[in-house]
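> Next up is a structure, given as structure tokens.
The values are calculated or read from the model by the stated rules, or taken from the named source; none is laboratory data. These figures come from a predicted structure and were not determined experimentally. In this analysis, Cβ positions are derived from the backbone assuming ideal geometry, glycine residues included, and neighbour counts consider all displayed protein chains. Each accessible area value is taken on the protein alone, full model and side chains, heavy atoms only, with ligands, DNA and RNA left out. Shrake-Rupley method; radii C 1.70, N 1.55, O 1.52, S 1.80 Å.
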Amino acid sequence: MTTGIAELSGRSLLTLNQVTAEEITDLLNLADNLKERKRSGVRGELLQHRSIALLFQKASTRTRCAAIAAATDESGHAEYLSSADIHIGKKESVADTARVLGRMFDGILFRGYAQTTVEMLAQHAGVPVWNGLTDEAHPTQALADLQTIRENIGALAGTKVVYIGNGKNNVANSIMLGCAKTGVEYVCCSPADLSPVPELVTAAASVAADHKGSVEVVEDPAAAVIGANVIYTDVWLSMGEEGSLEERIATLMPYQVTMDLMKKTGKLESGDVIFLHCLPAFHDRHTVLSAERGALEVTDEVFEAPFSKVFDLCENKLHTLKAVMVATLT
Ligand code: CP
Ligand code: NVA
């Protein structure tokens, strides 16, 4: 199996701005190969003797577990370091922590708040640093999103992806840029005060124009979804985000992904549309939050439908994160 992506060796991934369209395609191809490799039963040595620090300031199920499984599958090792366990931010600066971890580990996966923290880590660690989610960006998620869209729809270029909900969060920012770089017809559908930062939209639209794609920001869900191949949503209030959940629910309830909205794509019967969510999702009454209120950003009917590929997406976090590790550490 070809694993090397020479131009990515030794590099960090803090946002998708740092990778070209060709490098994204290379990473997705590698992720497809690694997926096939794992499914055929191979447990290899592509990360042998590589140790990876998982420096997490926020909770995680998928990203943390994907990193651990990715390292284990290829004979590497991942060590979870929550910010409650180590000195970062209390007795030791980010820069000093980076210099310590960089002397001991081959790569660092960071999850936290400020984008400047992950930038500071990358500046001082001397080893690749990967952004496993900040307030601004979730680039490793976007790679899994793109892999899942490509394998279900068959292509990225020319596919219509509609993101619905809080258009200015980390997941929305990264999928917008990932789609722009891969020729997708991307639509962000949010109320005006939750639409993406205009500078990011302008930049993404310019990137999209170079790759025969498009970026559009709209407010009306019923019109936005017509012809969509992918309906994507995320939680309405992100980890660490200030603000009232009650207000957010009131603002975003018209943006809930329902079966009625899915039908408006016009593609349910032909099977040419999928539903995606990065997860975790408030789709039923089985969480503390949704026990009282019921479904929020997506109904249970949509979440559990055959066209919902949320757990394919979840699995692809493993393959894409492994691709990033293999490409940058070998
Ligand atoms: N999608 C995602 O990043 O999930 P976790 O918060 O569980 O890592
Ligand atoms: N926008 C969400 C994504 C979780 C994976 C959050 O930051 O909480």
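> Kindly list the number of the only condition in (1) of a type outside the set (A, V, I, L, M); (2) over 21 Å from Phe105 (Cβ atoms); (3) within 17 Å of the chain's Cα centre (by Cα); (4) open to solvent by less than 30 Å² (accessible area, probe 1.4 Å) that fails for Asp32.
Here Asp32 clears every test but (4).
> Test Leu156 against the stated conditions and say whether it is out of contact with any Phe, Trp or Tyr (no Cβ under 9 Å at 6 or more places or on another chain) and either open to solvent by less than 10 Å² (accessible area, probe 1.4 Å) or outside any helix (DSSP H, G or I) (or both).
Answer is yes for this residue.
> Can you tell me which residue within the stretch 241-289, out of those that are of a type in the set (Ser, Thr, Tyr) and not in a helix (DSSP H, G or I), is least open to solvent (accessible area, probe 1.4 Å)?
Thr265
> Name the one entry in Ala59, Ala66, Ala21, Ala70 that is at pLDDT 95 or above, within 16 Å of ligand 2 (Cβ to nearest atom), under 20 Å from the mean Cα position of the chain (by Cα) and more than 20 Å from Gln115 (Cα to Cα).
Of the residues listed, the single one that is at pLDDT 95 or above, within 16 Å of ligand 2 (Cβ to nearest atom), under 20 Å from the mean Cα position of the chain (by Cα) and more than 20 Å from Gln115 (Cα to Cα) is Ala66.
> Give the residues of the stretch 34-81 that are away from ligand 1 (no atom under 16 Å from the Cβ), touching a His at 6+ places or on another chain (Cβ under 7 Å) and of a type outside the set (S, T, N, Q), sorted by residue number.
Selection gives Leu34, Lys35.
Residues checked against (1) modelled with pLDDT of 95 or more; (2) touching a Ser or Thr at 6+ places or on another chain (Cβ under 7 Å); (3) of a type in the set (D, E, K, R):
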site	(1), (2), (3)
Arg103	yes, no, yes
Leu109	yes, no, no
Gln115	yes, yes, no
Met120	yes, no, no
Gly126	yes, no, no
Gly132	yes, yes, no
Gly154	yes, no, no
Cys179	yes, no, no
Glu185	yes, yes, yes
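> Among the residues of the stretch 266-289, count how many are away from ligand 2 (no atom under 16 Å from the Cβ) and modelled with pLDDT of 95 or more.
The number of residues fulfilling the criteria is 10.
> Determine, yes or no, whether Asp106 is open to solvent by 50 Å² or more (accessible area, probe 1.4 Å), away from ligand 1 (no atom under 16 Å from the Cβ), more than 19 Å from the chain's Cα centre (by Cα) and touching a residue at least 24 places away in the same chain (Cβ under 8 Å).
Spelling it out, Asp106 is indeed open to solvent by 50 Å² or more (accessible area, probe 1.4 Å), away from ligand 1 (no atom under 16 Å from the Cβ), more than 19 Å from the chain's Cα centre (by Cα) and touching a residue at least 24 places away in the same chain (Cβ under 8 Å).
> Moving on. Condition first: in contact (Cβ under 8 Å) with a residue 40 or more places away in the chain and either hydrophobic (A, V, I, L, M, F, W, C) or open to solvent by 70 Å² or more (accessible area, probe 1.4 Å) (or both). Now tell me which residues in the stretch 66-92 satisfy that.
Ala66, Ala67, Ala69, Ala70, Ala71
> Right, here's the next one. If you go through the stretch 226-240, how many residues are open to solvent by 60 Å² or more (accessible area, probe 1.4 Å) and under 23 Å from the mean Cα position of the chain (by Cα)?
The total comes to 1.
> Only residues that are farther than 15 Å from Thr202 by Cα and crowded, with 24+ Cβ neighbours inside 10 Å: list them for the stretch 172-190, please.
Thr182, Val184, Cys189, Ser190
> Quick test for you: out of Ala203, Ala223, Ala208, pick the one residue that is open to solvent by less than 10 Å² (accessible area, probe 1.4 Å) and either part of a helix (DSSP H, G or I) or of a type in the set (Ser, Thr, Tyr) (or both).
Of the residues listed, the single one that is open to solvent by less than 10 Å² (accessible area, probe 1.4 Å) and either part of a helix (DSSP H, G or I) or of a type in the set (Ser, Thr, Tyr) (or both) is Ala208.
> Take the stretch 318-327 and flag every residue that is open to solvent by less than 10 Å² (accessible area, probe 1.4 Å) and either in contact with a Cys (Cβ under 9 Å, 6 or more places away or on another chain) or under 16 Å from Phe110 (Cβ atoms) (or both).
Matches in the stretch 318-327: Leu321, Val324, Met325.
> Do we have Lys160 as farther than 21 Å from Asn131 by Cβ, touching an Asp or Glu at 6+ places or on another chain (Cβ under 6 Å) and in contact (Cβ under 8 Å) with a residue 40 or more places away in the chain here?
Yes, satisfied.
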